[in-house]
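Every number here is computed from the coordinates shown, using simple stated rules; none is lab data. Note that this is a predicted model, so its numbers are computed, not measured. Glycine also receives a Cβ, built like all others from the backbone with ideal geometry; neighbour counts cover every protein chain displayed.
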Amino acid sequence: MRRTPMIVTGVILAVLGATGLLWQKIGYTQRETLVDVGSINITADTQRSWAVPPILGGIAMAGGIALIVIGARKS
């Protein structure tokens with residue numbers, strides 16, 4: 001049985017975990033409707049950010065490395 005999907009998933013998790021540790025805030029734009037009267041719509045764009053906890057990035061990275069090691073041993 002091939003373990004290639006396990007290794008690929010491990011690499012993706014490790015990269016996402018490392019990225020989460022490097023960039024601890026993810027920014028996004030949220031569009032809000034301020035006024036909605038008949039055919040007139042007034043909207044505003046608001047900049048928001050989501051703080052990524054470092055422990056989440058560390059867990060993802062450790063899990064990815066574990067998947068890579070397990071997948072490499074089994075193949």
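Looking only at the stretch 14-37, which residues are among the small types (Gly, Ala, Ser) and either part of a strand (DSSP E or B) or out of contact with any helix residue (DSSP H, G or I) (no Cβ under 8 Å at 6 or more places or on another chain) (or both)?
Of everything in the stretch 14-37, just one residue is among the small types (Gly, Ala, Ser) and either part of a strand (DSSP E or B) or out of contact with any helix residue (DSSP H, G or I) (no Cβ under 8 Å at 6 or more places or on another chain) (or both), namely Gly27.
Can you give me the number of residues within the stretch 1-13 that are touching a Ser or Thr at 6+ places or on another chain (Cβ under 9 Å) and assigned to a helix (DSSP H, G or I)?
Of the residues in that region, 3 qualify.
Just checking, how many residues over the stretch 38-75 are assigned to a strand (DSSP E or B) and not β-branched (Val, Ile, Thr)?
Of the residues in that region, 8 qualify.
Can you pull out every residue in the stretch 38-55 that is of a type outside the set (S, T, N, Q) and either in contact with a helix residue (DSSP H, G or I) (Cβ under 9 Å, 6 or more places away or on another chain) or in contact (Cβ under 8 Å) with a residue 24 or more places away in the chain (or both)?
Of everything in the stretch 38-55, those that are of a type outside the set (S, T, N, Q) and either in contact with a helix residue (DSSP H, G or I) (Cβ under 9 Å, 6 or more places away or on another chain) or in contact (Cβ under 8 Å) with a residue 24 or more places away in the chain (or both) turn out to be Trp50, Ala51, Val52, Pro53, Pro54.
Out of everything in the stretch 1-59 that is under 30 Å from Gly71 (Cα atoms) and of a type in the set (Ser, Thr, Tyr), what residue ends up being surrounded by the fewest Cβ atoms within 10 Å (Cβ to Cβ)?
Among those that are under 30 Å from Gly71 (Cα atoms) and of a type in the set (Ser, Thr, Tyr), it is Thr4.
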